[in-house]
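Encoded as structure tokens, the structure appears first; notes follow it.
Read-outs: derived from the displayed coordinates by stated rules, not from any lab. What you see is a predicted model; the values in this text were computed from it and never measured. Cβ placement follows ideal geometry from the backbone for every residue including glycine, while neighbour counts extend to all protein chains displayed.
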Amino acid sequence: MPAYYLTGDDYGRGKSLLLQSPPLRGVITLSDYLRMNVMDEETPVPQKFGSLDALLMELNRAGHPDDQIWFYCNDLGIPEALQAADSRLIAERHANGSWWTVEGYHEANDPRMPEPEDALNVDEARGQLEIFFK
């Protein structure tokens with residue numbers, strides 16, 4: 001059990017709470033420390049996918065069925081972004097053609113939020129997306 005103690009003078013100036021802990025047995029970076037203590041290991045991080053099909057499988061696994069995923073196309077009709085049923089961005093296509101999930105893509109849909117208006121539903125337009133599955 002770690003021990004806590006206060007440092008500073010008797011008048012309350014400069015007091016701070018310190019944690020007494022055993023000495024470190026190695027050097028860790030700040031990013032390692034933050035990852036161990038702040039980030040939940042169960043939380044998926046943004047991932048890269050080489051195909052739209054692989055991305056949709058991951059989104060399905062994360063709790064977004066095809067009828068709750070909406071996509072936007074650019075002027076050439078190429079899908080550029082995927083949104084959840086609550087209008088949250090959950091994935092996007094980068095300039096090199098790879099697909100990336102965005103942070104928070106695994107979170108459940110908020111039923112109070114409206115569905116995207118100017119987007120196409122993946123379940124209804126699956127045939128249109130077939131050419132992008134490679």
- Query: With labels modelled as points extended 7 Å from the Cα through the Cβ direction, what inter-label distance (nm, one decimal) is found for Ser98 paired with Asp118?
  - Reply: 2.9
- Taking H placed 1.01 Å from N in the peptide plane, check which residues at least 5 places from Ser51 or on another chain put their amide H under 5 Å from its amide H. Trp99
- tail above 20 Å in the computed P(r) of the stretch 48-132, as % of all Cα-Cα pairs, reads 23
- Karplus 3J(HN,Hα) series, Hz, for the stretch 68-83 with 6.51 cos²θ - 1.76 cosθ + 1.60 (x for Gly, Pro): 10, 10, 10, 10, 10, 10, 7, 5, 8, x, 8, x, 10, 8, 10, 10
- Query: If we sort 53-65, 86-98, 103-115 on the protection proxy, mean other Cβ atoms within 10 Å, highest first, what's the order?
  - Reply: 53-65, 86-98, 103-115
- Item | Formal net charge of residues neighbouring Tyr105 (Cβ-Cβ distance under 11 Å; K, R +1; D, E -1) | -2
- Near the amide H of Ile90, under 5 Å away, which other amide H atoms are found, from residues 5 or more places off or on another chain, if H is placed in the peptide plane? Leu82, Gln83, Ala84
